[in-house]
1. So for chain A, taking the charge dipole from beta-carbon charges (+1 Lys/Arg, -1 Asp/Glu), which of A:98, A:452, A:82 sits furthest toward the positive end?
2. Taking Cα pairs under 8 Å and at least six residues apart, what relative contact order does chain B come out at, in percent?
3. Can you give the translational diffusion coefficient of the protein assembly as shown in µm²/s, computed by Stokes-Einstein from the Kirkwood radius over Cα pairs at 20 °C and 1.002 mPa s?
4. Would you please name the trypsin sites (Lys or Arg not before Pro) within region A:300-354 that are DSSP coil residues with at most 10 other C-beta atoms within 10 Å of their C-beta?
5. Sort A:324, A:291 from largest to smallest accessible area, using a 1.4 Å probe on the heavy atoms of the protein chains.
6. Multiplying the sequence separation of residue A:470 and residue A:63 by 0.36 nm and subtracting their Cα-Cα distance, what value in nm do you get?
7. Please sort by residue number the GluC sites (Glu not before Pro) in region B:1-73 whose DSSP state is loop and whose Cβ has at most 13 other Cβ atoms within 10 Å.
8. Express the carbon and sulfur contribution to the solvent-accessible surface of region A:7-205 as a percent, rounded to the nearest whole number, probe 1.4 angstrom.
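The values are calculated or read from the model by the stated rules, or taken from the named source; none is laboratory data. Remember, predicted model here, so these are calculated numbers, not experimental data. Here Cβ is always computed from backbone atoms with ideal geometry, including for glycine, and neighbour counts include all displayed protein chains. Just so you know, the surface numbers come from the protein's heavy atoms only, side chains and all, with ligands and any DNA or RNA stripped out. Shrake-Rupley method; radii C 1.70, N 1.55, O 1.52, S 1.80 Å.
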Amino acid sequence: MAPMRWVRAISARVEETAETLGGKAHGLVLLHRLGLRVPAGFVVTTEACRAFLRDGRRPGGLDEELAAAVADLERSTGRVFGGPRRPLAVSVRSGAGVSMPGMMNTVLNLGLTTEATEGLAAETGDRPFALDARSRFLASFASATGAAEDLAGERRGRPVPDDANRQLEWAVEAVFASWDTPRARTYRTLNGIPHDLGTAVVVQRMVFGNRDARSGTGVAFSRDPNTGENVPYGEVLFGRQGDDVVSGRSATRPLGELAAREPGVWAELLDALRRIEGHYRDACYVEFTFEAGELWILQVRPGRFAGAAAVRLATELVDERVIERREALLRVSPRHLPHVRTPRIAPSERTDLLARGIGACPGVAAGRVATTAEGAVLMARDAPVILVRPETSPDDMHGLAAAAGIVTARGGPASHAAVVARAMGKPAVVGVTGLTVDAGSGSVAVGGRSVGDGTLITIDGTSGEVALGTPRVVADAADDHLHRLLAWADDVSGDHSARDEARRLDAAHAVLRRHPPTDRANR
Amino acid sequence: MNHSETPTTDADLLVLHALRCTGATGPARLSLATGLDESDVESELIDLGVAGLVTRISGPMPGWSLTDAGRAADIERITGELEAAGARAAVTAAYERFLVLNPELLDLCTAWQLRTVDGVAGVNDHSDPAYDARVLERFADLDRRAAAVCAELAAALPRFGRYRDRLAGALGRAASGELEYVTDSTASYHTVWAELHEDLLITLGMPRWPR
């Protein structure tokens, strides 16, 4: 085959940088090198995206290269793209170095034309599964490209092509175009990311987490990102595809449940996390899917811990002889230090965890559940209140003002509730999947349990934990680690006088930057 | 437009609807929301109270709020106004454009409150004027696009014109150093934006989270 200009097969042999391949594909190359199981695929380079952004159309030769790369994928998988028998379906994902709000993320199950969907139904003997896969394709393709067609074939906007290659070309173009949405531009401006980098596009054979009872999907950190403790941490969804985890459509289970249900997958996942940590010499994060009991890693990056977790991680990596003290010092930013003593719910077996969402404003608040703004105002006259709502709107403002803390079922870190909570400096947990609020009866249901108005709960706006009662709260969980780290900092700077903690770390950083450690070249 | 006369909303409906969109509050905020004098707002509130549509709340946060009858009356009259003006199509189209801007606005509010430095997301303590200026510059850029949406809304229903003034006012005060007018005060850009969002949902009879 002729050498490709715009497309690269993803394998251990690829040598190019993350600038060309995008961060996602670069991570997949690493996974290949570590001998981990990765769905076969290829990447369209950022150079192709830049050509598209410059000329306003897909660069010459790209469509041919896509077709050739798909043909390779068909050969290696023994499947046929859009074919009536043993159909090949792929995922198409943006692959910029950083994930960016406003950019197209993922089209799943692309290639499931009407014919291929029938083929998948026949192959698996599971028609509902095939139709579910097709509807996920249509939904994700519509949101990415604006083309739309519901399962009944009714059309809105331009029709979805029933040709797998056309689908792929459109999806690749949609990823390119999403680089330049106003929202993405705003994000780059605010975060100092150049506008001319462009994004790569990762195309991989689908693995189906919704295939059967021994399938599923999840995300995992090699260590707890809330505390830094050296235990795997994450979420898993049995019998579902990855978009269910990200969208918050389904309530996830703690990662540890994999151990009992799929011991083989669990053992392999632990081994993968260990190998990746060994490479990064740092905590890591992976997204994974298992299909019929077989584990696939879909994405990897370093863990990027903050606050107390960053301090504990850096210190323990020294204890484990993974990194040296000077490296540990450099990994903790002086900016982490003010967050190290943010109050937290103390990790304890006795804590009765009701639910977990996304921490949107750090701090701990305890109070009685109120399911309406009016109720919150009334109850707050007597004792602190936690306002629990499906989501918030201006109609809830007086309740938000009266409450000590806020919990919402929906929304993310930029939701109305999150913005208002931070404006008021109140701990908040948003996006609690599976939480339903019945303001009529004054009750809240989550995870098969139900609590009523007036129930005492405690929320942790860092970890997103919602606990029953008043669990122990600590602000010094990482104190031992912090004292050791700062002692190392003083050794480096040679200044043992009593000073502010951030200044002690700053002084060490100044010395270390003048004398860079040789082992940093590996990072 | 087929209907040459765009209706001017009656003062009592302006107050009733503003109270619906802002949640429980007092005459000062309703005056800002409606453009009516505070004394006129109070007199409308008293009449609305007599009609059983609003009720006075006492306690630590005194003010006024809608009764169930008030909510029903508001929906009926606001929908009636929309249909009488033949403005549903225009307001729906503007709402769709609003929805494109809404996530970016929330990103910007978040960037105003939180800042990632050295890979650490922390509270933006507003100690770096260059960063704040960068965020406000993006607010201004978004606001130019929002102004076009507001103009379409005001052309369809004049009462929407008030949002343009309030958004521009909030941004102007933020730019002149009153930082609480971005996300924090009850007249902040975020607050006014959220009220506009609520107003559009109520006016069009749409749920916030379509199922």
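1. The Cα lying farthest towards the positive end belongs to A:98.
2. Numbers: 232 pairs, mean separation 46.0, N = 211.
Here the relative contact order equals 22 percent.
3. Details: Rh = 28.0 Å.
Result for D is 76 µm²/s.
4. Here the trypsin sites (Lys or Arg not before Pro) that fit, given the DSSP loop and packing criteria, are A:321, A:350.
5. Final ranking, largest accessible area leading: A:324, A:291.
6. 140.5 nm
7. Answer by residue number: B:5.
8. Values: 4010 of 8200 Å².
That fraction is 49 percent.
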